[in-house]
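Encoded as structure tokens, the structure appears first; notes follow it.
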Amino acid sequence: MEGKQGAALYIIVKEKLLALIKSGVYAVGDKLPTESELCQEHEVSRTTIRQALQQLEVEGHIQRVQGKGTFVAKPKIRESLTREIRTFMEQMRDLGLSSHSEVLELVVIPADEALAETLHLEAKDPVVKLVRLRFADSEPLQYVTSYLPWRIAPGLANDDCSGSLFDLLRTKYEVNIHRTVESIEPVLIEATISDRLETAPGSPAFSLESLTFNEKDQPIEYSKGIVRGDRFKFTMERSMK
């Protein structure tokens, strides 16, 4: 019985705090009261407060900063899952956000067996590897690694790839994007990437894997991105036939 009551109690506290955030009592960037102060304010145990704060953090409403306290987080960026292929820059522009990409690595490498199979190549065929950090309003949100067969864009390794990759492929290399196959799954951010995304190692994130095809249904790009879970949420609209 105590377990059920405790669970119900932390949910009640969490909903009270969320209401204060949504009403603007606690605005974006505001520091929340300490755990001790929240215990006194809501007349509950520290364990209950910690459970409530943990739930709010998982849902992206607050952010805990080591040694500084707990702060109200920015609202998550809402990305709709549709059948239409849209670039990151187009999606951010529709949300009223400025965007850009920082190129971290742009080299030609030999394809290993797994990559060659994915891109319908021979092992050790040349592949362009492009690693980018994507920003919205100067905030790093996505860490993306793309692989493209060298033959479809021979000069890509010398190009400016800080803009839309699909636009560059279409305009300079006459590569027409026909369809993509994408998957999303929850992951935890690795320490090697967390610094780039300015978040803590082990923070929740989404892994976005994508395989892009041209009009001949040939694979032209394989990419894998890590998206900050505290800043993004994905929505999908369905309708009855």
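No value in this document is a laboratory result; all are computed from the given coordinates. Keep in mind it's a predicted model, so treat the numbers as computed, not measured. Glycine also receives a Cβ, built like all others from the backbone with ideal geometry; neighbour counts cover every protein chain displayed.
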Check: Excluding Pro140 itself, what net charge comes from residues whose Cβ is under 11 Å from its Cβ, given Lys and Arg +1 and Asp and Glu -1?
Finding: 0
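Given contacts defined as C-alpha pairs under 8 Å and at least six residues apart, what's the relative contact order of region 2-72, whole-number percent? Intermediate values should be presented prior to the final figure.
Values: 62 pairs, mean separation 27.3, N = 71.
Across region 2-72, relative contact order equals 38 percent.
Over region 128-241, what is the relative contact order in percent, taking alpha-carbon pairs closer than 8 angstrom and at least six residues apart?
The normalised contact order for region 128-241 reaches 26 percent.
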Item checked: Helical segments meeting 20 Å axial Cα length and Kyte-Doolittle 0.0 threshold in the chain (DSSP H) -> 2-22
Next item on the list: With all distinct Cα pairs included, what does the Kirkwood hydrodynamic radius of the chain come out to in Å, to one decimal, could you say?
Entry: 20.4 Å
Note to self: Out of the trypsin sites (Lys or Arg not before Pro) in region 160-217, which ones are loop residues according to DSSP with at most 12 other C-beta atoms within 10 Å?
What the structure shows: Lys216
Checklist line | Partner aspartates and glutamates for Lys14 [C-alpha distance under 20 Å; skip if fewer than 8 residues away on the same chain] | finding: Glu2, Asp30, Glu35, Glu37, Glu41, Glu43, Glu57, Glu59, Asp230
Item checked: Among Leu106, Met89, Ser194 - extreme Cα towards positive end, dipole of region 77-235, charges at beta-carbon -> Met89
Notebook entry, point to check: Hey, if you put +1 on the Cβ of every Lys and Arg and -1 on every Asp and Glu Cβ in the chain, which of Ala123, Gln40, Ser183 ends up farthest toward the positive end of that dipole?
Noted result: Gln40
Margin query: Can you show me the helix-derived [θ] at 222 nm for the chain, built from DSSP H runs with n ≥ 4 at -39,500 (n - 2.57) apiece and divided by the number of residues, rounded to the nearest 500.
Written below: -8000 deg cm²/dmol
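For the chain, calculate the relative contact order in percent as a whole number, restricting contacts to Cα pairs under 8 Å that are 6 or more residues apart.
Values: 415 pairs, mean separation 40.6, N = 241.
Averaging sequence separation for qualifying contacts and normalising by length gives 17 percent for the chain.
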